[in-house]
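I have placed the structure first, in the form of structure tokens, so that the comments after it can refer back to it.
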Amino acid sequence: MAVPFKRVIAVASAAGLALLAAGCSSSGDASSPGQSAKGPVSMEFWGWAPGYDKIVDQWNASHPDVHITYKQIPAGAKGGYDQMTNAEAAGTAPCLAQVTYNDIPSMLVKNALTDITPYAGADKSKFLDWTIAASSAGGKLYGIPVDIGPVVLYYRADLFARYGITAPPATWAEYAADAQKVHDADPTVQFGTAPQDAYDMSYLTWQTGRPWFSADGSSWKVSVDNPGTRQVAEYWQDLKDKKLVMNNGNAWDPAFDKAAESGKVLTFVNAAWAAGGLKQDLKDQAGKWAVAPMPVWDAGTKAGANSGGSDTVVLKGCKSPQAAEQFAVFLATDQQAVSTGIKEASLYPASKDGQNNPLLSQGDPYFGSQNPYDVFKAAAAAVPSNWVVGPSFGQMEADYTNGIGKGTYSDATAQVQQKTIAQIKSLGLSVSNG
């Protein structure tokens, strides 16, 4: 998502979520287009992104027969999502809501989403394929993608020059070699930041093409401890043990900011929305930072990853789902609406046309007049579409953070594998080792 939502990740796929959809009744969807209300329609939209209120005003000004009322809610499972589920139980839920891709599975477990496939039609072609997969389950679409977080490498161009690094590392092997070069020159300087939690480990693993979850008939298969994750774990553990990276994964934390201000850290790997964090927290370093593609494991490949982003979903019980879907598409594709999202919340669009918005075609003085959006666009196009998230990512986040804090990445990964299986069992779902 944008700067206020620094720790969300977009992950899902139709195949992996099929068993969730199979367990969710479609009753109450009003899923026939002909059942949408005729004449003036009023509905609520709950979300947290800055600027959404202005986009709602833009819609209302041009669509007098469908009036949207916007309600600002807190982001996250313990804020707005609790309000949504409580409203669902009370029969007072809004028609529309902002939900991260990461939370589609858990919302399906709660039977809270409406299948909007009957209304989407050609709208799906307006978005990157993997974002539609991230918004789908069992061949049914449950949300309209709004924004994404393609992962890139942010680096200090001035410090690269100081240490004789002539180009940003294109591979992880080059990244490690550059990190060693900097350490040899000054052991007090670290090249980057180490993974800290499930969000970091997930997007780093996503790039390897080894998903953590899959569906086996009517059962989840959990494969957190897979060759891709182990490759990531061993790589970063080696850098961490050699003190080539700082034990910090958040480029907006005070520890990172302090190190950056004193020239003690040169890079960090994160999503497009993190650019806003740099500009906000390190204003005095304008012109010193640059953006490059995320390093890859194999030279010549273009495998990427995503971290963050959200859908506009239609909640169960909405009496005008077709009109709701039309608003969701407007929010994500109308150029004025997209411009508002970019300006107000630093959203990077999920829609193909949105990525060509004029606001994204200009050089950015903060990045030395480089246009970072060119890098974001290429990174988004390289994201594998086979990544799948399970129905208990919140628990995985807590387990991974705890495990990394107490041991190695490999130890944490093995623990999360077993704890995730136990958590999914506790939800009453069938599950096995992948």
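The values are calculated or read from the model by the stated rules, or taken from the named source; none is laboratory data. What you see is a predicted model; the values in this text were computed from it and never measured. Positions of Cβ are generated from backbone atoms using ideal geometry, with glycine treated the same way; all protein chains shown enter the neighbour counts. With ligands, DNA and RNA removed, areas are computed over all heavy atoms of the protein, side chains included. Shrake-Rupley method; radii C 1.70, N 1.55, O 1.52, S 1.80 Å.
Residue-wise test of (1) open to solvent by 20 Å² or more (accessible area, probe 1.4 Å); (2) polar (S, T, N, Q); (3) over 30 Å from Ala215 (Cβ atoms).
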{"site": "Asp353", "(1), (2), (3)": "yes, no, yes"}
{"site": "Ser361", "(1), (2), (3)": "yes, yes, yes"}
{"site": "Asn371", "(1), (2), (3)": "yes, yes, yes"}
{"site": "Ser385", "(1), (2), (3)": "yes, yes, no"}
{"site": "Gly394", "(1), (2), (3)": "yes, no, no"}
{"site": "Glu397", "(1), (2), (3)": "yes, no, no"}
{"site": "Asn402", "(1), (2), (3)": "yes, yes, no"}
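Those residues that are part of a helix (DSSP H, G or I), of a type in the set (A, V, I, L, M) and either within 10 Å of Gln190 (Cβ to Cβ) or touching a residue at least 40 places away in the same chain (Cβ under 8 Å) (or both), I need them from segment 220-259; list them, please. Please lay out each step first, then the result.
First, pick out the residues of segment 220-259 that are part of a helix (DSSP H, G or I): 227-241, 254-259.
If we keep only those that are of a type in the set (A, V, I, L, M) as well, we get 232-233, 239, 255, 259.
Correct list: Val232, Ala233, Leu239, Ala259.
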The conditions are (1) of a type in the set (Gly, Ala, Ser); (2) touching a Pro at 6+ places or on another chain (Cβ under 9 Å); (3) closer than 19 Å to Tyr366 by Cβ, and Ser307 fails exactly one of them. Which is it? (3)
Go through segment 98-115 and give me each residue that's open to solvent by 10 Å² or more (accessible area, probe 1.4 Å) and more than 20 Å from Leu429 (Cα to Cα). Asp115
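Checking the condition of a type outside the set (A, V, I, L, M), touching a residue at least 60 places away in the same chain (Cβ under 8 Å) and assigned to a loop (DSSP other than H, G, I, E, B), which residue from Gly309, Gly317, Gly276 passes? First the steps, then the outcome.
Working: Gly309 fails: assigned to a loop (DSSP other than H, G, I, E, B); Gly276 fails: assigned to a loop (DSSP other than H, G, I, E, B).
The conditions single out Gly317.
Residue-wise test of (1) closer than 19 Å to Phe256 by Cβ; (2) open to solvent by less than 30 Å² (accessible area, probe 1.4 Å); (3) under 27 Å from the mean Cα position of the chain (by Cα).
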position: Thr166; (1), (2), (3): no, no, no
position: Trp172; (1), (2), (3): no, yes, yes
position: Ala177; (1), (2), (3): no, no, no
position: Thr188; (1), (2), (3): yes, no, no
position: Tyr199; (1), (2), (3): yes, no, yes
Search result, residues across segment 24-63 that are at pLDDT below 50 and at positive phi: Gly28, Ala30
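Looking at segment 287-333, which of the residues that are of a type in the set (Lys, Arg) and closer than 30 Å to Ala90 by Cβ is least open to solvent (accessible area, probe 1.4 Å)? Steps first, please.
Initial filter on segment 287-333 (of a type in the set (Lys, Arg)): 288, 302, 316, 319.
With the extra rule that they be closer than 30 Å to Ala90 by Cβ, the set shrinks to 316, 319.
Working: Lys316: 23, Lys319: 158 Å².
Per the stated criteria, the residue is Lys316.
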Considering every residue within segment 250-267, establish whether at least one is at pLDDT below 95, surrounded by 19 or more Cβ atoms within 10 Å (Cβ to Cβ), closer than 20 Å to Ala345 by Cβ and not polar (S, T, N, Q). yes
All but one of (1) buried (at least 20 other Cβ atoms within 10 Å of the Cβ); (2) modelled with pLDDT of 95 or more; (3) within 30 Å of Leu159 (Cα to Cα) hold for Val222; which doesn't? (3)
